Every structure is written in structure tokens, then in C-alpha cells.
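Taking it in order: structure first as C-alpha cells, then the write-up.
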Amino acid sequence: MSEAKVVVSSAGLELIVDNLVNEIRASLVGLSRVAIVGIQRGGVPVAERIYQKLVASPPPGCALFFGIIDSSFNRDDIAARSTFEVFPTRIDFDVEGNHVILVDDVISSGRTIRAALNSLMQLGRPLWVRLAVLVDRGHRQLPIQPDYVGWEMSANPTEKIVAHLHPSDPEQNFIELRHGSHNKSGFSS
């Protein structure tokens, strides 16, 4: 069994997302084409929120695109997983020559990001890729660091940080910390 504790309320999460969007928007000035790409599964709702807010107030002259990437086939822990799920990838723009902001909800070891980068590069060669995360919990196992961080929070390896982003009701958005055994394989994202 695990117990959960809300560590960021709806209002706090909205502020974190707004600050993240403002930081991203400021860095896009002068760029003509930028794609916001959410990593399946947790990064997709975060990327959707970032994209919607950027489209509502875009950097001048910047065309924005949205995509979803699944990194399942590029994970280094496939053999250790008891189940293997594949989620849809949807990239309706040319990755080649584009600027890409890869988005995930929580970064820990960096392994999910590495797998997502490999999946993205199989679709083309972007001009650059930057990483935006809602929460950075530390515990890196690979030399991968986000360019944009909404919130930093330390958690021990037996704890899991979960971001809940409701598609239509912002009052149901929050971040929780779950204590207990959550990851039987010993691998994290």
C-alpha cells in the first residue's frame, strides 16, 4: 500500500505552469517555427497546457506546432518490465529543421528523456531540442538536465511524484507525493 499527500494545490500548479510558459515564451523570441512535443503519457497533458497558453499569446512571428511522442521502443528497461505498453505517437509536422521543446511531467533518472530523444531523432534532425519539465525530482542516472523547470522537489527513491492535470477542470489539478513501493521494476523515468 502507498499513501499520498498533496504537495501542490490547484492554484499552486497553475502558477507553476504559468511561470514555465513565461520562461519558454521569452526564449522563443526571434524563432519562426517551434514544436511543443509531449512525452507519452505524463508529459502529454503538460505539453498540451504549455501549447495552449503559448498559442493564446504567441511570440511574435513564431509558428507553433504540437506533437506527442512515445518512447516505449527505445527504453533501456524493456526486458525488465513485466508488461509493455505502446502509446500513440502523433507528429504532424516536419521534425527536420524545426526547433523542438520536449515536455515531460517529472524528470528523475533521465532514462525516459533519453528514450524520447532517440524516438524523436528517428523522425528527423531538429535544429535543436530543449527539455521542459513540470517537476525535477533529482536522482539523475544520465547527464540529462532540463532547460525549463517548473518546480524542483526532492523525493527519495521509494517516493513517487504524480502530477494530475485535468483536461477541462483546473480545480482538479494538483501534484501529489506517494509514499511506499510504487515501482516494482526498480526503474524510474
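The values are calculated or read from the model by the stated rules, or taken from the named source; none is laboratory data. Bear in mind the structure is a predicted one, so any value in this text is a computation, not a measurement. Quick reminder, even Gly has a Cβ in these numbers, built from the backbone with ideal geometry, and neighbours come from all protein chains shown.
If you check D92 against the conditions, is it under 12 Å from the mean Cα position of the chain (by Cα) and acidic (D, E)? Taking the combined requirement at face value, the residue does not satisfy it.
Scanning segment 1-24 for residues that are surrounded by 14 or more Cβ atoms within 10 Å (Cβ to Cβ), more than 15 Å from the chain's Cα centre (by Cα) and either of a type in the set (V, I, T) or closer than 21 Å to I68 by Cβ (or both) yields V7, V8.
Every residue, every condition in (1) within 18 Å of A47 (Cβ to Cβ); (2) without any contact (Cβ under 8 Å) to a residue 24 or more places away in the chain; (3) of a type in the set (G, A, S), yes or no:
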residue	(1), (2), (3)
F84	no, yes, no
F87	yes, no, no
V100	yes, no, no
I107	yes, no, no
T112	yes, no, no
L123	yes, no, no
V133	yes, no, no
L142	no, no, no
P146	yes, no, no
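Tell me, which residue of segment 127-141 that is in a loop (DSSP other than H, G, I, E, B) and in contact with a Gly (Cβ under 7 Å, 6 or more places away or on another chain) is farthest from L31 (Cα to Cα)? Out of the qualifying residues, it is Q141. Within segment 153-168, being surrounded by fewer than 16 Cβ atoms within 10 Å (Cβ to Cβ) and either at pLDDT below 85 or in contact with a Pro (Cβ under 8 Å, 6 or more places away or on another chain) (or both) holds for P157, P167, S168.
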